[in-house]
Each structure stands twice: as structure tokens, then as C-alpha cells.
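These notes concern the structure reproduced below.
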Amino acid sequence: MVGVAAEEGGGAVSPRTLVQLLAVFGSLSLLSIGGGNTVLPQMHLDAVQTYHWLNSRQFADVFAISQAAPGPSILIVTLVGYAAAGWVGALVATVAMLVPAGALVYFLARFWNASKEAPWRQAVEKGFAPLTVGLVLASGVIVAKSADHGYRAWALTAVATVIFTCTKTNPLVVVAVAGLIGWLGWV
């Protein structure tokens, strides 16, 4: 991975980069309604186009690693932070992504539970479902555009998407087959 940390030769981490990581992931934390993957388009914009911590291909790679690794899928934040500013950047980005949303959820949950029968609560719950689906769909498009370079890769993405949405096939089987296709060099 080539990012700011690599370009600095592993030396001192720029305080400016750490502030940028705090600002980016602190704000994304508060917008990640429905999970961290809902903010991938904005994360891509910030990490690739605004701050140049990664290129599009590297972003797609760290996304794939974060999805394949055990644990929370929001691991991508740690990897982007690492690319930007090494281990310190990884820690700053992760804390910035987790703490604001965690604090907000803690305080809102107390209010939310006290409003179980309120009509506005039911309206909010119904409104968040399509919002989250749209955000996840936008994230999928951004990752596909970053990773897919050629008609074969686009075809594989399309077939996998159809299988995921139209069948009950175990996603691990689809991922394993797609990985095998890539390993064989067919994509």
C-alpha cells in the first residue's frame, strides 16, 4: 500500500494528516446509518480523491481485505488510516469512527426506548430501511467501479450480484468461486 505514511519513509506522522483522519472518520461515524458500508462512497471520495491516501485500486483491495477478515467489516477504516499515517493513523481513524457513533447511540437509545409507542418513531424506522438500502447500493457501485477493470470482471460482479439477490446460495461459496476464477487468471 502506498500512502502518505509510506511516502514519509516511516518517519514522524504529520499532525495535519491525523487531524484530517479525525475529521473524515469522525464525520463518517455520525453518518453511518445502517453500518459502516453505507459511507463507503464518501470514504472513497475522501481517501482517494481528496487526500490521496490510496488510489482506487488500493481502496478496492483494502475493502476486500476488510470484508474477508474476521471481525467487524468496518476494518477498512483501520486500513485506510494505516495507509495515511501508519499505526498511529490506523488507531486515530478507528477511534474516530467508533467513538462518535457509539456515544450518539448510547444517548439516543435512552430517549428511543422511552418513545416506543410514538408515531414519529415508527415513521423514522420505516424511513431508515430504504435509506440504508440505497446507501449500501451506492457503496457497492463505488467498490465495483474501483475494482472492476474489463468486461470479464464486470460480468463476474453482475453474476455474483444476481446470485446474492435471487438465491439463497451461501455467500462464502460465491466468494470462493469468484476467488478461484481470479486465481486462475480468468478475470
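The values are calculated or read from the model by the stated rules, or taken from the named source; none is laboratory data. Worth saying up front: this structure is predicted, and the values here are computed from it rather than measured. Note that we place each Cβ from the backbone using ideal geometry, even for glycine, and neighbour counts take in every protein chain shown.
Evaluate segment 38-48: report whether one residue or more is in contact with a helix residue (DSSP H, G or I) (Cβ under 9 Å, 6 or more places away or on another chain) and at pLDDT below 90. Yes, segment 38-48 has at least one match.
Condition (residue is in contact with a Ser or Thr (Cβ under 6 Å, 6 or more places away or on another chain), surrounded by 15 or more Cβ atoms within 10 Å (Cβ to Cβ) and at pLDDT 95 or above) applied to segment 9-20: is it met by at least one residue? Among the residues of segment 9-20, not one is in contact with a Ser or Thr (Cβ under 6 Å, 6 or more places away or on another chain), surrounded by 15 or more Cβ atoms within 10 Å (Cβ to Cβ) and at pLDDT 95 or above, which makes the answer no.
No other residue among Leu135, Leu131 is at negative phi, in contact (Cβ under 8 Å) with a residue 60 or more places away in the chain, surrounded by fewer than 16 Cβ atoms within 10 Å (Cβ to Cβ) and aliphatic (A, V, I, L, M) apart from Leu131.
Within segment 145-156, the set of residues being surrounded by 13 or more Cβ atoms within 10 Å (Cβ to Cβ) and under 17 Å from Gly185 (Cβ atoms) comprises Ala147, Asp148, His149, Arg152, Ala153, Trp154, Leu156.
The condition (being at pLDDT 95 or above, under 24 Å from Ala153 (Cβ atoms) and part of a helix (DSSP H, G or I)) is satisfied by just one residue among Ala90, Ala60, Ala83: Ala83.
Scanning segment 142-187 for residues that are in contact (Cβ under 8 Å) with a residue 60 or more places away in the chain and among the charged types (D, E, K, R) returns a single hit, Lys145.
Assess whether Thr38 counts as being polar (S, T, N, Q), surrounded by fewer than 19 Cβ atoms within 10 Å (Cβ to Cβ) and in contact with a Ser or Thr (Cβ under 9 Å, 6 or more places away or on another chain). Against the criterion (polar (S, T, N, Q), surrounded by fewer than 19 Cβ atoms within 10 Å (Cβ to Cβ) and in contact with a Ser or Thr (Cβ under 9 Å, 6 or more places away or on another chain)), Thr38 does not qualify. Does Val99 satisfy the condition of being crowded, with 19+ Cβ neighbours inside 10 Å and β-branched (Val, Ile, Thr)? Against the criterion (crowded, with 19+ Cβ neighbours inside 10 Å and β-branched (Val, Ile, Thr)), Val99 does not qualify. Of all residue pairs spaced 6 or more apart or on separate chains, those with beta-carbon atoms under 8 Å, a first member in segment 23-44 that is closer than 14 Å to Gly134 by Cα and a second member that is among the aromatic types (Phe, Trp, Tyr) are Ile33/Phe128; Gly34/Phe128; Leu40/Phe63.
For segment 63-80, residues that are part of a helix (DSSP H, G or I) and without any contact (Cβ under 8 Å) to a residue 12 or more places away in the chain total 2.
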